[in-house]
Amino acid sequence: MRYYELLQDPDQAVVQKQLIGLLTDHCPQVLEDLRQEADEIRHRSVGDTVHVRGIIEFSNYCIRSCRYCGLNRGNNQVQRYRIPPDEIVKTAREAAAMGLKTIVLQSGDDFYYTREVIADMVREIKKTGVAVTLSVGERPRDDYRAWREAGADRYLLKFETSDAGLYEALHPGTRLDIRLRCLEDLRDLGYQVGSGFMIGLPGQTPEILAGDLMLMRSLVLEMAGVGPFIPHPGTPLGQDSAGEVNLALKILALSRLLLPWAHLPATTALSSLEKDGRRLGLTGGANVLMPNITPPEYRRLYEIYPHKAEVKDSSRELYQATLELIKELGREVALDPGHGLSPATRLMLREEL
Ligand code: SAM
């Protein structure tokens, strides 16, 4: 029986057990088989095109104290920056003119950019015809509503870990249920929702990772991001070890089997740990690449972890390299914005895999 079928068991406890078994099995052949199956499912569900989303990291100010993140408010080694809104819009316009179909606006949780400022930027960028994804953290529902009304299509907010105790230990002063409430608000407001978690966090067990995958599936996400934790020396977790590349690849493959129609990126974190990360991601379940189009003078300052990939080249060079990789793999660059299928359509299509 294929792994895909094993993971369709209606009994959640059975699926959870299967996942723990797979996550604790270190046989290289199991990883290869999972990757191959994920690649086949990806081909049948979302096809051979790769969606290219340009990401603008527009502010590294953050009010939060996430213990793993280089942007956390307590890190006074980092030089902080905010890109002015008109420069963000100009960068997005240039990216749209280069051919990008989606612009992702990401920042620390920075309330300097008010509800109105972000809504105005979204409205301006939408005039170029691209899809807009926001990833600016936890905000009041009315902010999310205003941005959706301004035309934002998607929102990325990782839940980071499904274990409430580990979540609280990593995020002083906040709770997992608050994060999940934000995801519910976003779903309610009609966003295409992206979420996910980090792999290799200190204190994470195979049971927790299996729970992460189960939670990701139960959220019926349009986009799912899973990538390794990378320690940042300016954070309390600076001396911990990074997540393992092979475990990250296994979890990416499992994510494809559990969420066949979701858009899954080959993450920057993966390519920061493994120079062939993008290729390995795209051949093991992923169908999205997110080149960094932040103006180069700011890019190295968005240091969520050290040695981040893509800090040096110009946006045009990175975009070209992305297109070349896709061609080299015999895949095609998607010409559509790559919206997610509705949850109802995905349920209907499930039988066909
Ligand atoms: N403020 C927004 C939020 O919280 O969703 C978006 C910015 S946040 C820096 C984006 C993502 O970076 C987080 O969801 C987290 O998974 C990832 N991240 C932060 N520190 C990391 C680290 N040390 N290793 C790997 N990923 C990290």
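So the values come out like this:
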item	result
Dipole magnitude of the chain, debye to nearest 20 (Cβ charges: Lys/Arg +1, Asp/Glu -1, about Cα centre)	680 debye
The chain: most fluctuating residue of Pro172, Pro291, Pro28 per GNM, C-alpha cutoff 10 Å	Pro28
Alpha-carbon Debye profile of the range 1-82, log10 I(q)/I(0) at 0.12, 0.20, 0.23 Å⁻¹	-0.71, -0.88, -1.03
Equivalent ellipsoid dimensions for the range 146-189 as semi-axes, Å, which come from the Cα gyration tensor, largest first	25, 9, 9
Difference of contour (0.36 nm per residue) and Cα-Cα distance, Thr205 to Arg175	8.9 nm
Selection from Leu273, Ser314, Leu215 lying farthest towards where the dipole of the chain points positive, charges on Cβ	Ser314
Heavy-atom surface of the chain, accessible at 1.4 Å and reported per residue (Å²)	42 Å²
Farthest positive-ward along the range 31-352 dipole, Cα basis, beta-carbon charges - from Leu157, Leu264, Pro206	Leu157
With DNA, RNA and ligands ignored, accessible area of Ser342 (1.4 Å probe; Å², nearest 10)	50 Å²
Karplus-derived 3J(HN,Hα), 6.51/-1.76/1.60, for each residue of the range 260-271, Hz, glycine and proline x	x, 9, 6, 7, 10, x, 7, 6, 5, 4, 5, 6
Sites Arg2 and Ile63, calculated FRET efficiency, Cβ-Cβ separation with R0 51 Å, nearest 0.05	0.65
Heavy atoms of Val288 accessible to a 1.4 Å probe, total area in Å² rounded to 10	10 Å²
Amide H partners (placed H, <5 Å) of Ala131, local residues excluded	Thr102, Ile103
The range 98-162-the range 265-333 distance, computed between alpha-carbon centres (Å)	21 Å
Listed pairs Lys158/Lys327; Lys90/Lys126; Lys127/Lys308; Lys127/Lys312; Lys250/Lys275 exceeding 21 Å between Cα atoms	Lys158/Lys327; Lys127/Lys308; Lys127/Lys312
The range 31-352, accessible surface, carbon-and-sulfur percent (1.4 angstrom probe)	50 percent
Backbone HN-Hα couplings from phi across the range 45-58 [Karplus 6.51/-1.76/1.60, Hz, Gly and Pro as x]	8, 9, x, 9, 7, 10, 8, 10, 10, x, 9, 10, 8, 9
Stokes-Einstein diffusion coefficient of the range 250-353, Kirkwood radius over Cα pairs, 10 °C, 1.306 mPa s, in µm²/s	104 µm²/s
GNM result for the chain, Cα springs below 10 Å: residue of Cys62, Cys182, Cys27 fluctuating most strongly	Cys27
GNM flexibility winner over the chain from Ala334, Ala131, Ala262 (Cα, springs under 10 Å)	Ala334
Amide proton proximity set for Ile304, modelled H, under 5 Å, gap of 5+	none
Principal axis box of the chain, alpha-carbon based, largest edge first, Å	55, 42, 38
Sequence ranges 203-211, 74-82, ranked by mean other-Cβ count within 10 angstrom, highest first	203-211, 74-82
Accessible heavy-atom area order of Glu87, Glu222, highest first, probe of 1.4 Å	Glu87, Glu222
Label point distance in nm, Tyr112-Leu349, each placed 7 Å from Cα along Cα→Cβ	4.1 nm
The range 163-181 versus the range 24-77: alpha-carbon centroid distance in Å	20 Å
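The values are calculated or read from the model by the stated rules, or taken from the named source; none is laboratory data. Fair warning: this is a prediction, and the values are worked out from it, not measured in the lab. Note: ideal-geometry Cβ built from the backbone for every residue, glycine included; neighbour counts use all protein chains shown. Just so you know, the surface numbers come from the protein's heavy atoms only, side chains and all, with ligands and any DNA or RNA stripped out. Shrake-Rupley method; radii C 1.70, N 1.55, O 1.52, S 1.80 Å.
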